[in-house]
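Please treat every number below as a calculation from the coordinates, not as lab data. The shown structure was predicted, so the numbers you read here are calculated from the model rather than taken from an experiment. Because the Cβ atoms are built from the backbone with ideal geometry, glycine has one as well, and the counts that use them run over all protein chains shown.
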Amino acid sequence: AAAPIHDLFPPAAASDLARQAADITPAEVPGHAEAAGEFVARPPWYASRAPAGFLAKVRLLWMVLRDWGNGSYRKVPWKAIAALAAAVLYVIAPVDLIPDFLVPLGFTDDVVAVALTWGLVKRELREYCAWKGLSPAHFGL
């Protein structure tokens with residue numbers, strides 16, 4: 001049997017992220033993808049202070065969610081989609097564990113959320129890049 005979604009994240013490091021992932025439903029994915037797309041297209045001012053490559057990673061998460069949500073790519077397991085959606089929601093929320101506008105520390109928890117998720121779904125992200133004809137190296141894979 002597959003492990004519950006809460007088991008995907010180290011509880012001490014990402015309990016909010018795990019809770020969010022567990023609460024996401026398939027019907028919500030297209031809306032989350034749209035919100036991520038808006039974030040990537042017009043990042044808030046504080047996102048310019050994010051580490052190099054961070055927005056590219058968020059862009060890839062958005063693309064996977066968009067293509068899963070519109071049905072064009074369904075090879076990613078649901079748990080991975082829920083984890084991606086939770087990470088995206090965490091990033092686009094300006095007020096979270098460390099509010100994003102508290103530059104330069106504000107994006108630290110967002111980077112950790114993406115890094116944790118990234119490590120868990122790296123194989124699926126590489127497969128998506130191959131399907132989409134994208135260079136995994138562009139996204140740090």
* Difference of contour (0.36 nm per residue) and Cα-Cα distance, N70 to A56 -> 2.9 nm
* Among 69-75, 52-58, 83-89, 116-122, what's the highest-first ranking by average C-beta atoms within 10 angstrom per residue? -> 83-89, 116-122, 52-58, 69-75
